[in-house]
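The values are calculated or read from the model by the stated rules, or taken from the named source; none is laboratory data. Being a predicted model, the structure only gives us computed values, none of them experimental. Counting neighbours? That spans all protein chains shown, and the Cβs are built from the backbone with ideal geometry, glycine included. Please note that ligands, DNA and RNA were not included when accessible areas were found on the heavy atoms of the full protein model with its side chains. Shrake-Rupley method; radii C 1.70, N 1.55, O 1.52, S 1.80 Å.
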Amino acid sequence: MEDDRTLWIAKFPQDGMTWNQTRVRHATLQLARNCGLDVVPSRIEIVRGEDVLLVRRYDRAWVGDGYACSRLISGFTLLGTGDTPTAEHDWSYLTLADQVRRASSHPREDLRELFGRLCFNAAISYLTDDPRHPIMVAKGTGWRLAPASSPAPTPLAEGKRGDFTMICGPAGRSPNRENILAGAGRFLLDRAAAEAILDRISGIVQSSWYDAMRSSGVSVNDCDLVGRSIGR
């Protein structure tokens, strides 16, 4: 949709969701922003009595007589893989970091951001991140990491923990602290810098996720469910 010469993508609610996904996603984007990560602006609109999430398009910009279109690269393209069961062994944050380092016009900044998102995904149990999403954008001649637009907690049963869809460290897909830190060199980070990023983001998530959810209108009952994924 278009609003004040700005384009937004409307994400409508789906049936059978564990919680109010619209408000949880909006709150998660705000939480990521509080962690200092680059995320798309979002807002909630009520359409025919239902919550609808609007996320602003970052690949279109009004230039006076129309919208300029930026170029995009998906994670699949960067990794040289696809969306098949046999290709899933290529889905890796570490390899993605290698490719962002090669393509980005500001590799150190983008890799630090990418590592921060990996830490955030682990902190909120966003386990279903995959290479389908656009990962880099070029508004001019140089490629940069695209803003994050889709992080959200993965519903988990009480006391359960899962693995990432993508490899996140030398030990595979397990989103534990040591595995994530062991791969920090691929993001051009030394151990101390990586630990500082991980501890800062984990601390912000743990101390403020509930307030972020409630301020976005997530119900107390839904917060109890979300807490199985985020609260540790």
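Key figures for this structure:
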| item | result |
| --- | --- |
| Cβ crowding within 10 Å averaged over residues, with 16-24, 85-93, 47-55 ranked highest first | 16-24, 85-93, 47-55 |
| Other-chain or far-sequence residues with amide H under 5 Å of Ser92's (modelled H) | Ile167 |
| Directionally averaged projected area (convex hull, Cα atoms, region 70-181), nm² | 7.2 |
| 1.4 Å probe accessible area per residue over the chain, in Å² | 49 |
| The chain: calculated mean residue ellipticity at 222 nm from DSSP helix runs of at least 4, using -39500 (n - 2.57) | -11500 deg cm²/dmol |
| DSSP beta bridges in the chain [antiparallel fraction, %, rounded to 5] | 90 |
| By average C-beta atoms within 10 angstrom, highest first, the peptides 211-220, 26-35 | 26-35, 211-220 |
| Relative contact order (percent, whole number), region 106-232, Cα cutoff 8 Å, 6+ residue spacing | 31 |
| Virtual spin-label span in nm between Asp65 and Asp90, 7 Å along Cα→Cβ | 4.2 |
| Helix runs (DSSP H) in the chain reaching 24 Å along axis by Cα, Kyte-Doolittle at least -0.5 | 107-124, 191-215 |
| For region 179-232, the spread of Cα positions along each principal axis, largest first, Å | 40, 18, 15 |
| Linear extension gain, Ala157 paired with Arg108, 0.36 nm per residue minus alpha-carbon span | 13.9 nm |
| Label of the coordinate-derived value, Rg and Dmax of the Cα atoms in Å, listed as (i) 18.9, 57; (ii) 17.5, 50; (iii) 17.7, 54 | (iii) |
| Cubic angstrom per residue, convex hull over Cα atoms of region 1-99 | 171 |
| Rounded percent of accessible protein surface that carbon and sulfur make up, the chain, 1.4 Å probe | 48 |
| Spin-label pair Val220/Ser207, simplified geometry with 7 Å Cα→Cβ offset, distance in nm | 2.6 |
| Cα-derived Rg over Rh, computed across region 124-232 with Rh taken as Kirkwood radius | 1.00 |
| Rel. contact order, % - alpha carbon contacts under 8 angstrom, at least six apart, the chain | 23 |
